[in-house]
C-alpha cells in the first residue's frame, strides 16, 4: 500500500482537521492514539498504527497508510512537510516534535548511523585489505569524497570528523550506531 506524503498523485490527503478528529498526539512520547473506535479490533485510547518493516510507525486512515512522523508534523504545524522528516536521534519510532526536523534528502543522509556491516566501528572509515591501511571517505551532495589513507583507524576517524564538521552543516556531529 502506498504511503501518504505531501504529494499523493491526486488522491485525497489526510487533512489537519481529519487527523485531529481521529487522533490524539501525546507530546511527551510522540505516540498517536485513536480518539474513536476504529475498525472492529481497535478501540479509542489505543496506540494508533503499527511498526512497518523499515522501522517506521504507520497509521491507516481512510484506507490509506501514512507515516506517523509525517502525521505528527501535520497535526503540529497544520501542513504536510514539503521535504523529508529527519529523526534527530535516529530512532524511527521517536515521533516527539522535538525529535523531528524538516530535511532534504541530502541533509537527512548527513544523520545516518554507522552501517551494521561496518567492521571499523567508525562512520566513514574502512580498512584496505590489500595494504592494511585505513581509508576515510565522506559523502557530500550524493558523491563520495576520498579524505585520505592513514596508518590507524583513529587517524582516519579524526579526518572524517573534521571533514564532517566542515562539510555537513545540517548535522556536523556523527551520530553513533544505535
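The values are calculated or read from the model by the stated rules, or taken from the named source; none is laboratory data. What you see is a predicted model, and the numbers here were worked out from it, not measured in a lab. Neighbour counts run over all protein chains shown; Cβ positions are idealised from the backbone, glycine included.
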Is it the case that some residue within region 74-86 is touching a helix residue (DSSP H, G or I) at 6+ places or on another chain (Cβ under 8 Å), buried (at least 19 other Cβ atoms within 10 Å of the Cβ) and assigned to a helix (DSSP H, G or I)?
-> yes
(1) in contact with a strand residue (DSSP E or B) (Cβ under 8 Å, 6 or more places away or on another chain); (2) within 30 Å of residue 173 (Cα to Cα); (3) buried (at least 19 other Cβ atoms within 10 Å of the Cβ): which one isn't true of residue 96, the others all being true?
-> (1)
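Within region 109-123, is there a residue that is outside any strand (DSSP E or B), at pLDDT 95 or above, outside the structural domain of residue 42 (by TED's automatic domain parsing) and farther than 22 Å from residue 27 by Cβ? Outline the logic, then answer.
Applying the first criterion (outside any strand (DSSP E or B)) to region 109-123 yields 109-123.
Then drop every residue that is not at pLDDT 95 or above, which leaves none.
No, that holds for no residue.
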Residue, surrounded by the most Cβ atoms within 10 Å (Cβ to Cβ), within region 126-149, restricted to residues that are touching a helix residue (DSSP H, G or I) at 6+ places or on another chain (Cβ under 9 Å) and assigned to a loop (DSSP other than H, G, I, E, B) = 133
What do you reckon, is residue 95 modelled with pLDDT of 95 or more and within 20 Å of residue 109 (Cα to Cα)?
-> yes
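Anything in region 52-73 that is surrounded by 12 or more Cβ atoms within 10 Å (Cβ to Cβ) and not in a strand (DSSP E or B)? List them, or say none.
Passing the criteria: 52, 56, 62, 68, 69, 70, 71, 72, 73.
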Write out, first by first residue and then by second, each pair whose Cβ atoms fall under 8 Å of each other, whose residues are 6+ apart or on separate chains, and whose first residue, in region 17-37, is outside the structural domain of residue 93 (by TED's automatic domain parsing) and at pLDDT 95 or above while the second is in a strand (DSSP E or B) and crowded, with 20+ Cβ neighbours inside 10 Å.
-> none
Examine region 106-122 for a residue that is over 20 Å from the mean Cα position of the chain (by Cα) and either exposed (fewer than 14 other Cβ atoms within 10 Å of the Cβ) or within 18 Å of residue 55 (Cα to Cα) (or both), and state whether such a residue exists.
-> yes
Among residues belonging to region 24-51 that are touching a helix residue (DSSP H, G or I) at 6+ places or on another chain (Cβ under 9 Å) and assigned to a loop (DSSP other than H, G, I, E, B), point out the one that is farthest from residue 101 (Cα to Cα).
-> 36
If residue 91 satisfies every condition in (1) over 20 Å from residue 57 (Cα atoms); (2) in contact (Cβ under 8 Å) with a residue 40 or more places away in the chain but one, which is the exception?
-> (1)
Considering region 152-174, residues that are modelled with pLDDT under 90 and surrounded by fewer than 16 Cβ atoms within 10 Å (Cβ to Cβ), and then whichever is nearest to the chain's Cα centre (by Cα), we arrive at 170
